[in-house]
1. For a footprinting-style exposure proxy, rank Asp391, Asp162, Asp107 by other Cβ within 10 Å, fewest first.
2. Quote the Stokes-Einstein diffusion coefficient, in whole µm² s⁻¹, for the stretch 217-327, based on the Kirkwood radius over alpha carbon pairs, a temperature of 37 °C and a viscosity of 0.692 mPa s.
3. Just the ratio, please: alpha-carbon radius of gyration of the chain over 2.2 N^0.38 Å, N its number of residues.
4. Quick one: dipole size for the chain, taken about the Cα centre, charges +1 on Lys/Arg Cβ and -1 on Asp/Glu Cβ, in debye to the nearest 20.
5. Hey, can you list the DSSP H helices of the chain whose Cα span along the axis is 27 Å or longer and whose average Kyte-Doolittle score is at least -0.5?
6. How much mean residue ellipticity at 222 nm does the chain get from its helices, if each DSSP H run of length 4 or more adds -39500 (n - 2.57) and you divide by all residues, to the nearest 500 deg cm²/dmol?
7. What's the longest bit of the chain with no exposed GluC sites (Glu not before Pro), using DSSP loop states and at most 10 other Cβ atoms within 10 Å as the test?
8. Take every Cα pair under 8 Å in the chain that's 6+ residues apart, average their separations, divide by the length, and report that relative contact order as a whole percent.
Amino acid sequence: MRTLIKNGTIVTAIDEFVGDVLVEGEKIVSVGEQIDATVDHVVYANGKYILPGGVDQHVHYSFEFKGERVRGFETSNAAVAGGTTTVVEFVNQEQGKGMADTIFEFDKNEVSQKAMVDYSYHAVVCDPVDTTFEEIKNLPNRGISTVKLFMAYKGMPFHSDDEALYKALNAAKEAGVTVMVHAENADVIDILQKKYIAEGKTDPYYHALSRPARVELEATQRVINLAAMAEAPVYIVHVTAKNVMETIRSAKNDGLPVYGETCVQYLMFDENDLAKPNFEGAKYVMSPALRTKADQEALWEAVDNGWLNAISTDHCGFDWKSQKHMGVDDFTNIPNGAPGVENRLGILWTHGVNTGKISRQRFVDLFATTPAKNMGLDHCKGHIGVGMDADIVLYDPNESFIISNENSLHGVDYSSYEGYKQEGKVDKVFLRGKLVVDDGEFVGKKGDGKFITGKPFASCFDNTKADKELKSV
Ligand code: URP
Ligand code: ZN
Ligand code: ZN
């Protein structure tokens, strides 16, 4: 099957031009200003942008918080409808079981038949025994190139201490596995949470006061130091605050392989959203907490300059009525996280590209190209180019609509972006050549998505050493 997409504005991370894309089977086989070919279908993209399908490197389709579980891959049509064709899911290791075995059991039972989006996995350390750290070295052989540790969430099965972090960093660097870290000081949060609850301060707003930016800053500084001591790269997930971003930037300027992402919600919302009345604030309970308008501005500057290299969603589909209300008398029981995978393209386009905060090229880089590289998926994802998977979004900039939960596919009872205007609309999406969104409507089916192998990185520190040796010759 050959499809020719004609006369659209093709946007990559470094380029933009009006042209055509030729798709054969699952792959892009030609990209150019004018392609003449005998094909089965021609799709005219006049006036539309041709973008690479998004790669959301941070989603949760299996996260559990105090017994409450998020919506799973049966809702992954939401990702595709929003222009994201690949997601990377965190799978918490089961006690006494290997990380990869946990992942592929979950894959078999809950993902492979249901996924409507392509996907890859992050391993998550929950059982910090020697065999777990040994296993990290073998993860690339199972197609996993990242491992996550949570410095936050004291008392939860997925919390890790510094010993686990340092061991993981040492094991990971040898194998080209990237260590990803949720950086917050769990002990301080625990003390502050208990203090506020004891004082009767139980509203969602105290979620922010119990996890101030300094708990994120302290943990970020600590893990950067641990990574430097282990001579390993480290990736800080969901960066929320100016001073945290500056810490990452200065480590980078010192030559350390320290990287970070932010998420759409930290660019859009602030701590005042947590103060919304009638328990509406619970919709914005996520960790780290929402910050200030000044932090938002700093984060926009950071993504524009590459100090943070990706924008994810940390998608977490908890229901407000049936799940977030668990914490109606105690904010510490509100399941952490919010949905958003469906809105990443539209919100970033409207509030980033159309406001001039980021260029279209920068948008594509943050939305697809660099996340694919971070995850070792750039062998087939994140770029409109010959040999890449034909994951293609046609985005119509002349459409607009008001976001509402009623029209969302994410399977929960609220949207964080309810009432927000979206400029532009996803018109068509191709997932490995298959049309899965047509005229804005999802037309794919369960099982369309497939597992994509993450490839390990080539060690940065080894290269540095090799460079030094070369220079000294
Ligand atoms: O509040 C959040 N972010 N929930 C999801 C789990 C995590 O910390 O990433
Ligand atoms: Zn986290
Ligand atoms: Zn997360």
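Values quoted throughout were computed directly from the atomic coordinates according to the rules given, and no laboratory measurement underlies them. For clarity, every value in this text was computed on a predicted model and none was experimentally measured. As a convention, Cβ positions derive from the backbone with ideal geometry for all residues, glycine included, and neighbour counts pool all protein chains shown.
1. Asp162, Asp107, Asp391
2. For these conditions, the coefficient is 220 µm²/s.
3. 0.94
4. Dipole about the Cα centre, nearest 20: 260 debye.
5. Helix filter hits for the chain: none.
6. Calculated from helices alone, the mean residue ellipticity at 222 nm is -8000 deg cm²/dmol.
7. It works out to 200-473.
8. Relative contact order comes out at 22 percent.
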